[in-house]
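Student: Handing you a structure now.
The values are calculated or read from the model by the stated rules, or taken from the named source; none is laboratory data. Owing to the predicted nature of the structure, the values given are computational and were not obtained by experimental measurement. Here the Cβ positions follow ideal geometry from the backbone for every residue, glycine too, while neighbour counts run over all protein chains shown. Surface areas here come from the heavy atoms of the whole protein model, side chains and all, with no ligands, DNA or RNA. Shrake-Rupley method; radii C 1.70, N 1.55, O 1.52, S 1.80 Å.
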Amino acid sequence: MIVRRKGVWMRITAENFIKHLKKNREEALQYVIDECIGIVKAIIYNALKSYNDPQIIEECISDTFLGAYENAKQFKGDKEDFRKWICTIAKYKAITKQRKLSKAPFFYEIETGNAVKSAEDEYLIVIYRGVTYDDESIGAIGP
């Protein structure tokens, strides 16, 4: 990736992206996203796929790269260490998201078309149609 900064063209490469990321250069963050999106997405997807919500997964991916960007100055190591570091961030961001989701109430949408009706509902439907039940027998008697 080639970018212009203060009138000077610089190239973000595998050898210098860590140095530029530590200086909070957004171009270096874009390089990291381009290089690591696959592994980060795989880690987070595997951890959060049971929630069946792509928005949760995308949010966690964004949080991972933002966390790496904000804490880049603390990183010590080379390119391979960086890959392990960002994978660790992804893993812990996913765990944190799982904890938050497990504490939050989760609402399921229930389809009413095939829902089981209560005995009272069934009785009211039958009465509405003009059929009543005999209390002594289970069979219906007509109007």
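Student: Considering the range 20-58 alone, what residues qualify as being open to solvent by less than 90 Å² (accessible area, probe 1.4 Å), free of Cβ contacts under 8 Å to residues at least 12 places away in the same chain and of a type outside the set (G, A, S)?
Tutor: Answer for the range 20-58, where residues must be open to solvent by less than 90 Å² (accessible area, probe 1.4 Å), free of Cβ contacts under 8 Å to residues at least 12 places away in the same chain and of a type outside the set (G, A, S): H20, D53.
Student: Is it the case that K79 is open to solvent by 60 Å² or more (accessible area, probe 1.4 Å), on the phi < 0 side of the Ramachandran plot, modelled with pLDDT of 95 or more and not hydroxyl-bearing (S, T, Y)?
Tutor: No; evaluated as a whole, the condition is false for this residue.
Student: Additional query: Please tell me if E70 is modelled with pLDDT of 95 or more and surrounded by 12 or more Cβ atoms within 10 Å (Cβ to Cβ). It would help to see each step written out before you state the result.
Tutor: Values: modelled with pLDDT of 95 or more: yes; surrounded by 12 or more Cβ atoms within 10 Å (Cβ to Cβ): no.
Taking the combined requirement at face value, the residue does not satisfy it.
Student: Read through the list (1) open to solvent by 90 Å² or more (accessible area, probe 1.4 Å); (2) of a type outside the set (V, I, T); (3) at pLDDT below 90, then give the number of the only condition that K91 fails.
Tutor: In the conditions (1) open to solvent by 90 Å² or more (accessible area, probe 1.4 Å); (2) of a type outside the set (V, I, T); (3) at pLDDT below 90, K91 misses (3) alone.
Student: Moving on. Would you mind stating whether T96 is out of contact with any Phe, Trp or Tyr (no Cβ under 7 Å at 6 or more places or on another chain), at pLDDT below 70 and surrounded by 12 or more Cβ atoms within 10 Å (Cβ to Cβ)?
Tutor: no
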